[in-house]
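First comes the structure, then the notes that go with it.
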Amino acid sequence: MPGTNDHPGERGSAEPIRLLAVRDTPLSLDEVFAAVGDPAAGGTALFVGTVRSHDGGADVEGLGYSAHPSAEAELRRVAEKVAGDYPVSAMAAVHRVGDLVVGDLAVVVAVSCPHRAEAFAACRRLIDDLKHEVPIWKHQRFSDGTEEWVGTC
């Protein structure tokens, strides 16, 4: 059974990375949260990035995310590094691509660890490294008709 823990005090699964994806379909908080459930974890941190209504003083009408074909492999590389640097029990990260509107979920990451401080630190590192290193780009469209590309790596 996934997530069972035969040895108290050890990670609940041999593979802490439970879910990684770049998708063109709506993201689910429940799916990501369920993926990081682990009996060895005492703390779970979850980050949700949503499309906001403004950026740099301009009203955002919508945006689109594009990903390089290597995005999932790079996401795995980032996740493996975080899992190697923190006592991660379980980890999940999903990023949306395609056209989104204000309020849509753009990215959801979650990390569970034995303690909350570790979970917070690992989750922050995961989202920060994802945004800086995974080749996913944002194309923002503003209500005044202007637009801009924002590179995340």
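Points worth noting:
- Residue in region 93-103 that is surrounded by 15 or more Cβ atoms within 10 Å (Cβ to Cβ) and within 20 Å of SER53 (Cβ to Cβ) present: yes
- Restricting region 32-70 to residues that are among the acidic types (Asp, Glu) and open to solvent by less than 70 Å² (accessible area, probe 1.4 Å), the residue that is modelled with the lowest pLDDT is ASP55.
- Meets criteria (under 14 Å from the mean Cα position of the chain (by Cα) and surrounded by 23 or more Cβ atoms within 10 Å (Cβ to Cβ)) for ALA106: no
- Residues (within 11 Å of ALA122 (Cα to Cα) and in contact (Cβ under 8 Å) with a residue 40 or more places away in the chain) located in region 75-86: ALA79, LYS81, VAL82, ALA83, ASP85
- Per-region count, region 132-153, residues in contact (Cβ under 8 Å) with a residue 24 or more places away in the chain, out of contact with any helix residue (DSSP H, G or I) (no Cβ under 9 Å at 6 or more places or on another chain) and either open to solvent by 60 Å² or more (accessible area, probe 1.4 Å) or over 19 Å from GLY98 (Cβ atoms) (or both): 5
The values are calculated or read from the model by the stated rules, or taken from the named source; none is laboratory data. The structure presented is a predicted model; accordingly, all values stated were derived computationally and were not measured. Using ideal geometry, Cβ is built from the backbone for each residue, glycine included, and neighbour counts are taken over all protein chains shown. The protein model used for the area step is the full one, side chains on, heavy atoms only, and it has no ligands, DNA or RNA in it. Shrake-Rupley method; radii C 1.70, N 1.55, O 1.52, S 1.80 Å.
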